[in-house]
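Contents: one structure, followed by commentary.
The numbers here are math on the coordinates, done by the rules we state, and not lab data. Computed from a predicted model, the values in this text were never measured in an experiment. Note that each Cβ is placed from the backbone with ideal geometry, even for glycine, and that neighbours are counted across all protein chains shown.
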Amino acid sequence: MATTDWTNNVPLATPSTPNASASPEISASSKESVSDMWTRVSLTKQLVADLKQTGPEKALAQLDATIRAFPDVARFCHPVAHELGHAALAKYAGDFKKVSEFRSDVCGSGYLHGIVEEKLRKSNDPESDVIELCAPEQTNSCLHGIGHGAMFVSGLNIENAEELCSKFPSGRMVTSCSEGIFMQLFEPDESDPKAVAKLAKDKLSKDPLYPCPDQPMEFRSGCYYYAPVYFLQRNKFALGMTIMRATG
């Protein structure tokens, strides 16, 4: 599916102000103060409100424009994009096909991940939907979202989530799905208690890459990719996190 070009003439998202009927344009002199005001929570709240009023296309365009103006926002924009996916499904009464039409690759395709995980989380037949939601293309990004959703469906049980991802017929698909599992494990939205898995502290103290060595071979690469993120976050290595994200 083609990605829409939303880079031209898009207003920046701006923190809400009391009694303001619309978000004002941002002058160059005010950018620093506005950037300092953004948090993951405040940006999510603003953009979800915008999405409810104007739809996913404009909200995603605002997110993209805001990141371009304030690069620091990129540190937490992926989960914001996930929330836009959730909000879009709610706006269109769970119409997966309709919501997918607004797809954007901004923030590592977080919007698509959010759509897929939320649809799977609310599925009455997740074992079938695991295979069918991303068909026929079965793109890596969509399958990544399946991995996130598999964690929610399984109650954050890694083994059960891996069983769902194992239903895919190729190693490429399983690997893409596994990356969603371990991103959900190591980089959850900590404002949502239902999204945060409890990793055993005693095992982590012995091996900061736990539980990666215990995973089936086809799931280890996804685990090892995201495990250092968790370690750096917990040890407050902000610079290391920035370097990791910049280098991919």
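When you restrict to C-alpha pairs under 8 Å that are six or more residues apart and normalise by the size of the stretch 127-187, the relative contact order lands at 41 percent. Note on residue 200 and residue 105: their simple-model spin labels are 4.1 nm apart, each label 7 Å out from Cα toward Cβ.
The packing ranking of peptides 175-187, 50-62, highest mean first, is 175-187, 50-62, where packing means the average number of other beta carbon atoms within 10 angstrom of each residue. The alpha carbon gyration tensor of the stretch 137-227 gives principal lengths a ≥ b ≥ c with a/c of 1.5 or higher and a/b no greater than b/c, which makes the shape oblate. Between the stretch 45-114 and the stretch 152-207, the alpha-carbon centres lie 23 Å apart. Relative to the globular-protein estimate of 2.2 N^0.38 Å, the Cα radius of gyration of the stretch 36-115 stands at 0.98.
Grab the Cα-Cα distance for residue 122 and residue 72, subtract it from 0.36 nm times how many residues apart they are, and report the gain in nm with one decimal. Mind showing how you got there, number by number?
Working: separation 50, 0.36 × 50 = 18.00 nm, distance 3.28 nm.
This chain segment gains 14.7 nm when fully extended.
Please identify which residues in the stretch 133-166 have an amide N closer than 20 Å to a label point set 7 Å out from the Cα of residue 95, following the Cα→Cβ vector. Within reach of a label on residue 95, which here means backbone N under 20 Å from a point 7 Å along Cα→Cβ, the stretch 133-166 contributes 133-136. Checking the Cα-Cα distances for 167/206; 58/119; 98/198; 52/167; 97/198 against a 25 Å cut-off, the pairs over it are 167/206; 98/198; 52/167; 97/198.
Quick one: compute the contact order of the stretch 36-115, relative version, from alpha carbon pairs under 8 angstrom and 6+ residues apart, as a percent. Don't jump to the answer; show the numbers that get you there.
On the way: 98 pairs, mean separation 25.5, N = 80.
This gives 32 percent for the stretch 36-115.
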